[in-house]
Each structure stands twice: as C-alpha cells, then as structure tokens.
1. Mind counting the residues in region 90-114 that are within 21 Å of Met350 (Cα to Cα), aliphatic (A, V, I, L, M) and within 12 Å of the ligand (Cβ to nearest atom)?
2. Look through Met228, Met246 and report the one residue that is surrounded by fewer than 19 Cβ atoms within 10 Å (Cβ to Cβ) and assigned by TED's automatic domain parsing to the domain that holds Ile156.
3. Pull up region 249-266, narrow it to residues that are over 17 Å from Met288 (Cβ atoms) and surrounded by fewer than 16 Cβ atoms within 10 Å (Cβ to Cβ), then point me to the one that is nearest to the ligand (Cβ to nearest atom).
4. Does Glu142 satisfy being acidic (Asp, Glu) and in contact with a helix residue (DSSP H, G or I) (Cβ under 6 Å, 6 or more places away or on another chain)?
5. Are any residues in region 1-58 acidic (Asp, Glu), surrounded by fewer than 16 Cβ atoms within 10 Å (Cβ to Cβ) and away from the ligand (no atom under 16 Å from the Cβ), and if so, which ones?
6. Mind checking which pairs have a first residue in region 284-306 that is in contact (Cβ under 8 Å) with a residue 24 or more places away in the chain and a second that is within 16 Å of the ligand (Cβ to nearest atom) and of a type in the set (Val, Ile, Thr), Cβ under 6 Å, 6 or more apart or different chains?
7. Of the residues in region 158-188, how many are basic (Lys, Arg) and assigned to a loop (DSSP other than H, G, I, E, B)?
8. Give me a count of the residues in region 194-224 that are free of Cβ contacts under 8 Å to residues at least 60 places away in the same chain and either assigned to a loop (DSSP other than H, G, I, E, B) or not β-branched (Val, Ile, Thr) (or both).
Amino acid sequence: MSKKRFIQVGLGGWGGVWVHTFMPRLIHKLGLVEAEAVVDLNPDTFSGAKYHYHIPDGKCYTDARRAFEENPADFAIIVVPPAFHEEMVDLALEYDMDILSEKPIADTMEGCCRIYKKVTAAGKKMAVTMSHRFDQDKQTLEHEIKSGKYGPVNYIVCRFTHNCRKFGSWGDFRHRMKNPLIIEGSVHHFDILRALSGSDAKTVYTVSWNPEWGEFAGDSTALVNIEMLNDVKAFYEGAKANASTMNPWTNEYFRVECCNGTLELDRRWLRVLRSEGSEKPLQTDIKMLEQPVWMNSWLAEQFVNWINGGPAPQNTLQDNIQCAALTFAAVESAETGKPVDVQEYLRKAMEAS
Ligand SMILES: NC(=O)c1ccc[n+]([C@@H]2O[C@H](COP(=O)([O-])OP(=O)(O)OC[C@H]3O[C@@H](n4cnc5c(N)ncnc54)[C@H](O)[C@@H]3O)[C@@H](O)[C@H]2O)c1
C-alpha cells in the first residue's frame, strides 16, 4: 500500500507534540505515511518538523494556501487554535483532502455545523482527536463498565482541577478567549462522559465564572449538571484557577456509580468499591488494559487505516458533532442561566448554519 502524504498546519505547543511524538511512529516505524509539508505563521517552529519529519526548508511554509497549492497530499492535520480550524478545513476540502483535526471542531457551534455540512457534502473523511477519551485509564474504565460486571450506570462524577491561574500558564490564547475551560478543557471530559454513559446528552445546566485571582478574560471555572438521553446523570467540576492541581490532564478523577459497584478512577488508579450497609467498603484494584500506544498516536494510526479503506474509528466528525453540541450547549446554559435541551440546540444550530 502506498504511503499517505500529509500536510500539518500548526506546529505550536501541541503541534510540536504531534511532530516529536505522535507522527514519527507512523512515518518511521510503521511506514504508513510521509510528511509532504508543514505550515506555521511562526518560522521558529520549523526546526522540530525538519528534524523529526525529515523535510527540507522548502517544504516549511508560513502561508497555508501556498503549502496546499504546491504540495498534493492525501490528508491535512490541523493543530491551530480553534478559531482557525474552519479556514484550514476549507483549504483541505478545496484540495480534495481528508482531515485529521484537533478538537474542538471549531470555536463556535455555528462553525462546527458548517464544517459538518461541508465535509459531509464533499464526501471526505474527517476525525477529531479527542485524545483523553482514548487514553489508557479512560479506555480501561469504559471497558470495565461495558463488561456488564457492575450492572447499569446510575450516575458519574468528574473532577478536573488545576492551578493555571497565571497568564500564559495554559497557553496565551486560552487566557484571552471567552469560555476557555469549557471549550478548550471540558470538551474532552464531556466526550469521556458520553463514552462512559454510553449515550449522547439530553440536557445540560452550567454555572461558570472566573475567580478574581484567575488571569483569564473568560470563565476558567464551572460546575455542570448533565442528563444523558439514556437517563444516566453526570456532575462535572472543572477549574483552572484553583490553589492546587489535584486532577490535571491525564490524571482526572471519575467516579462511576453502577448498580453493583462504585468504580473510582483517581490519578490513573482504578478500583472498584463495594460494601454491605454502613460497612467500610471493600476495594479491589483493576489492572489497566495494555496496547502499544494510546491517545493521538493511536488515533492517528486508526485514521490512516480508515483512509486506507479500514473501519471508521470512534472519533469521526459524525460522532464528534454530539460532543460539540454538549460543549456549546453548556456555554449557552452558562450565558443564559437556564438548562439547555442539547438535541434541540443541535437541531437549531444545524438549521441556522
Ligand atoms: N487533544 C489535546 O489533548 C490537545 C492538547 C492541546 C491543544 N490541543 C488543540 O490543538 C490546537 C492548537 O493548540 P496549541 O496548544 O498547540 O496552540 P498554540 O498557540 O501553542 O499553537 C498554535 C500554533 O498555530 C499557529 N497558527 C495560528 N494560526 C495559524 C494560521 N492561520 N496558519 C498557520 N499557523 C497558525 C501559531 O503560530 C502557533 O504556532 C487547538 O485546537 C487545541 O485545542 C489539543
């Protein structure tokens, strides 16, 4: 099978991780893909791509259109801030390419719906890298729930709390945007809640704010109630301006209350707790699933298999639009102070876009 050629747009904080960690495995170890060109407004970012992707100076661009025009490729990897995702999706479609994009689909619900319609109409494949849902600890928790050993899920609690209160400590653009916590952070946890509950969302009610010591233009903290279509309930606590970093990225807290067991995941330690009456609970540790790679390395491999004719991965645009709907409905709820019907919100946004 011939190698798939890609153009990566965005080589900043996270784009750099794609360059040195996620793609080298597919390029050099699995021989599935090759880098055709890279793009970033900031040429200081090019050195990593030249080193890890083995591409010459002439294939490093500051202008995305020129890169797409001069380098026929099979797919685009989009790792620029969300406000620029749609512009890059438009370019990729113009040049007849499939798309592997960072989350969220776009920075607004209207943008997400437009991308959904344009990609679907063009008949191209697009997947969204919801890295944390596809991490080892969350996949193990999902696997345990779906084993049926603990019976049906009743409700889920999630905690994601950091001290990133200083400007720039969570990347400059997040300190400048509206709703950084929900759009840049909670989007991952909402997708994990969808996976753990086995359902899309019915309603969401959000209270969000920024404490006076948080150096954020938008809301850095939120408490969110979610009810899923299958009646599972969820409570979410997210905070980026706390005094302590209790449950940061890759170390979040999830407690899944099932009929026959309390599954608790805390900083990658997974256990099940049970007790009779008021007895102290008996706990059993649960071993993590094992496989060669997780997160974006795994998602990139699945995406390439898909465009090579293999099965669709779970993180397609068609699945992820439900994650976008929950995310932006949560923002709408915070802004209006009212619960939002997520499916109705999605229907109206699709109609209006
Ligand atoms: N999946 C995850 O776990 C995860 C983690 C971090 C970031 N992300 C996502 O990755 C994306 C980028 O985030 P980041 O943290 O790398 O941001 P960043 O600000 O560190 O880097 C963004 C880069 O994009 C470049 N850029 C901006 N506009 C451009 C344009 N029009 N053309 C070319 N280059 C442009 C900037 O120069 C910068 O180098 C966002 O969508 C973010 O949500 C995902």
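1. Residues that pass the stated criteria total 2.
2. Met246
3. Ranking the candidates gives Trp249 first.
4. Values: acidic (Asp, Glu): yes; in contact with a helix residue (DSSP H, G or I) (Cβ under 6 Å, 6 or more places away or on another chain): yes.
Yes.
5. Within region 1-58, the subset acidic (Asp, Glu) is 34, 36, 40, 44, 57.
Filter once more, keeping what is surrounded by fewer than 16 Cβ atoms within 10 Å (Cβ to Cβ): 44, 57.
Hit for region 1-58 is Asp57, nothing else.
6. As it stands, the answer is Asn296/Thr129; Leu299/Thr129, since those pairs meet every condition given.
7. Summing the residues that are basic (Lys, Arg) and assigned to a loop (DSSP other than H, G, I, E, B) in region 158-188 gives 3.
8. 15
The values are calculated or read from the model by the stated rules, or taken from the named source; none is laboratory data. Predicted model, so just to flag it, every value in this text is computed and none were measured. Every residue, glycine among them, receives a Cβ derived from its backbone with ideal geometry; neighbour counts consider all protein chains shown.
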